[in-house]
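Q: Encoded as structure tokens, here's the structure I'll be asking about.
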Amino acid sequence: MEASKLGKLLIISAPSGAGKTTLVKYLLTAIESLHFSISATSRPMRNGETNGKDYYFLSKEDFQQKIKENAFLEWEEVYEGVFYGTLYSEVERITSLGYHVVFDVDVIGGLNIKKHYGSRSLCIFIQAPSIEVLADRLRKRCTDSDESIKKRIDKAASEMKFASQFDLILVNDDLGKAKEDIVKKITKFINEL
Ligand code: ADP
Ligand code: 5GP
């Protein structure tokens, strides 16, 4: 890769259930020069997740210790009592290998990363066609309790208000089209000087 093209930051944010994990996973297979920023979280591991691959799973105490040490580029208490954050060391790990970094973070975290990196970053807001569709996707995903789904839907309504602050809004209705669109936009951005 040419030096001028190194180290772009691709921020993908959305209300939970809009399809960002699906789109991020696809992006990572479609564009070789991207690497996923593994966040830290204090939430329990879900079935099928791996520590150090999906997240760095930390106890709440260890997470709070890292906050004190200023180890985070950004962190949020995304749900009451549940912390998520991006470690500086993770961004350094990826950029030092010469890759572009893909972040899957909540809406506030995404805007904070954008503030930090400015035009070197592109922030994309993934939107479900409606709150009803989002709720339906969360139920069908079968990964969260009814209470957790309710919390995610309540939060989605307030997160939608931030959409206009993003560089791009991508509606994830037809998955095939959303995949094609996101690859096009990101390919264009990483190839710009
Ligand atoms: P998020 O990471 O934003 O919480 P996921 O990627 O886990 O969302 O998607 C939520 C659920 O919706 C998953 O079960 C996924 O397979 C499904 N899904 C994602 N995109 C679409 C789409 N365009 N149409 C229908 N189902 C979708
Ligand atoms: P989940 O529990 O479904 O994996 O993620 C819940 C929410 O936390 C999602 O909106 C996800 O994008 C967000 N999230 C994951 N990692 C981070 C992070 O490092 N920082 C912030 N601010 N949010 C994150």
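The values are calculated or read from the model by the stated rules, or taken from the named source; none is laboratory data. What you see is a predicted model; the values in this text were computed from it and never measured. Every residue, glycine as well, gets a Cβ built from its backbone with ideal geometry; the counts of neighbours run over all protein chains shown.
Q: Which numbered condition in (1) within 12 Å of ligand 2 (Cβ to nearest atom); (2) acidic (Asp, Glu); (3) under 30 Å from Glu192 (Cβ atoms); (4) at pLDDT below 95 is the only one that Glu49 fails?
A: (3)
Q: Related question: Which residues, counting only those in segment 161-177, are more than 16 Å from Gly17 (Cα to Cα) and surrounded by 12 or more Cβ atoms within 10 Å (Cβ to Cβ)? Step through it out loud before you land on a result.
A: In the first step, residues of segment 161-177 are kept if they are more than 16 Å from Gly17 (Cα to Cα); the result is 161-162, 164-168, 176-177.
Across segment 161-177, the qualifying residues are Phe162, Gln165, Phe166, Asp167, Leu168, Lys177.
This table checks each residue for (1) assigned to a strand (DSSP E or B); (2) over 23 Å from Lys188 (Cα atoms); (3) touching a helix residue (DSSP H, G or I) at 6+ places or on another chain (Cβ under 7 Å); (4) without any contact (Cβ under 8 Å) to a residue 40 or more places away in the chain.
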residue: Lys114; (1), (2), (3), (4): no, no, no, no
residue: Ser119; (1), (2), (3), (4): no, no, no, yes
residue: Leu122; (1), (2), (3), (4): yes, no, yes, no
residue: Phe125; (1), (2), (3), (4): yes, no, yes, no
residue: Pro129; (1), (2), (3), (4): no, yes, no, no
residue: Leu134; (1), (2), (3), (4): no, yes, yes, no
residue: Arg137; (1), (2), (3), (4): no, yes, no, no
residue: Thr143; (1), (2), (3), (4): no, yes, no, no
residue: Lys151; (1), (2), (3), (4): no, yes, no, no
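Q: Asn70 fails exactly one of the following numbered conditions: (1) modelled with pLDDT of 95 or more; (2) more than 16 Å from ligand 1 (Cβ to nearest atom); (3) not in a loop (DSSP other than H, G, I, E, B). What is the number of that condition?
A: With respect to (1) modelled with pLDDT of 95 or more; (2) more than 16 Å from ligand 1 (Cβ to nearest atom); (3) not in a loop (DSSP other than H, G, I, E, B), Asn70 is out only on (3).
Per-residue answers, yes or no, for (1) part of a loop (DSSP other than H, G, I, E, B); (2) buried (at least 20 other Cβ atoms within 10 Å of the Cβ):
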residue	(1), (2)
Ser16	yes, yes
Thr21	no, no
Lys25	no, no
Leu28	no, no
Glu32	yes, no
Arg43	yes, no
Arg46	yes, no
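Q: Can you report the number of residues in segment 21-61 which are among the hydrophobic types (A, V, I, L, M, F, W, C) and touching a Ser or Thr at 6+ places or on another chain (Cβ under 7 Å)?
A: First pass over segment 21-61, keeping only residues among the hydrophobic types (A, V, I, L, M, F, W, C): 23-24, 27-28, 30-31, 34, 36, 38, 40, 45, 57-58.
Then keep just the ones that are touching a Ser or Thr at 6+ places or on another chain (Cβ under 7 Å); that gives 31, 57-58.
Within segment 21-61, residues that are among the hydrophobic types (A, V, I, L, M, F, W, C) and touching a Ser or Thr at 6+ places or on another chain (Cβ under 7 Å) number 3.
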